[in-house]
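A.B. asks: Please find one structure pasted underneath; my questions will follow.
No lab work stands behind these numbers, since they all come straight from the coordinates. Since this is a predicted model, take the numbers as computed values, not measurements. Neighbour counts run over all protein chains shown; Cβ positions are idealised from the backbone, glycine included.
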Amino acid sequence: MKFSVNLQKLLPFGYLFLVVLGILKESIFYYQIDINILKYSTIMDILISPIATLTSNLIVFAAVIIFAVILYAYPAFLANKRDKKWAQKLSGLKNTEMLSEEEVGDHYTRFFAVLLACGLFSFFIGIGLGQGKKLANKINNNTIKYDHTLNYNSGESEVIYLIDVNSIYYFYVAKGNKAVKIAPIGAVKNIELTLNKKLK
């Protein structure tokens, strides 16, 4: 069975697919707060966007890994039981006795790739829609928590809610203003995080 070997061939295409999903997720997220994020992103921001999304939360990262392992195990299990009618029905594989080992391996590789692609597409699009809508509602209802202080090189400061930061811009909402602001990193001296809990 060349299932694992075939998966290695798909890795470059898999990363390209992740990059496209990352672009879609970021575009959908920022569209809901009226920002065309592609105008404020570098090629490097685009390339690392899927990795940044997957590693932004430990629970999300663990869930994606578990999901991928389960999806890998499922076709592998069906491949081992491919002589059974129920396994053929679940995988869509027919006439196994007329297929070569390589053809069977190709079928289960495609089966795994389609399942994983559908799952990741739903995950990225869902996060973009959900997080963007949640943030837009918080801004409109003025329920966001202003937990950062942005200090400019000019000496001015603003208490802000930090939405995100990429390689060249800060995206934030200043206290007392519902407008989303974009500041070049070069104009900022530093950014301070306000601790909500008192140290004992």
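A.B. asks: Taking other Cβ within 10 Å of each residue's Cβ, how do I70, I23, I125, I43 sort, fewest first? Write down the numbers at each step before the final one.
C.D. replies: Values: I70 11, I23 19, I125 14, I43 8.
Lowest count first: I43, I70, I125, I23.
A.B. asks: Still on this structure, please answer the following. With the cut-off at 20 Å, tell me which of the pairs K138/K178; K145/K189; K138/K181; K25/K145; K134/K189; K39/K189 have Cα atoms farther apart than that.
C.D. replies: Details: K138/K178 10 Å; K145/K189 22 Å; K138/K181 15 Å; K25/K145 23 Å; K134/K189 30 Å; K39/K189 23 Å.
Flagged as over cut-off: K145/K189; K25/K145; K134/K189; K39/K189.
A.B. asks: Still on this model: Out of residues 5 or more away from V188 or on other chains, whose amide H comes under 5 Å of its own, with H placed 1.01 Å from N in the peptide plane?
C.D. replies: N153
A.B. asks: Right, another one. How much length would be gained if the chain were fully extended between A76 and H148, taking 0.36 nm per residue of separation minus their Cα-Cα distance, in nm to one decimal? Intermediate results must be reported in sequence, preceding the final value.
C.D. replies: Values: separation 72, 0.36 × 72 = 25.92 nm, distance 4.84 nm.
Length gained between A76 and H148: 21.1 nm.
A.B. asks: Right, next: P(r) for the chain, please, calculated from all Cα pair distances in 5 Å bins and given in %.
C.D. replies: Spelled out bin by bin, the chain gives 1, 7, 12, 14, 14, 12, 10, 8, 6, 5, 4, 4, 2, 1, 0, 0 percent.
A.B. asks: What is the helix-to-structure angle for 3-31, meaning the angle in degrees between its Cα long axis and the longest Cα principal axis of the chain, kept from 0 to 90 and rounded to the nearest 10?
C.D. replies: Taking the Cα atoms of the chain, the angle to 3-31 is about 30 degrees.
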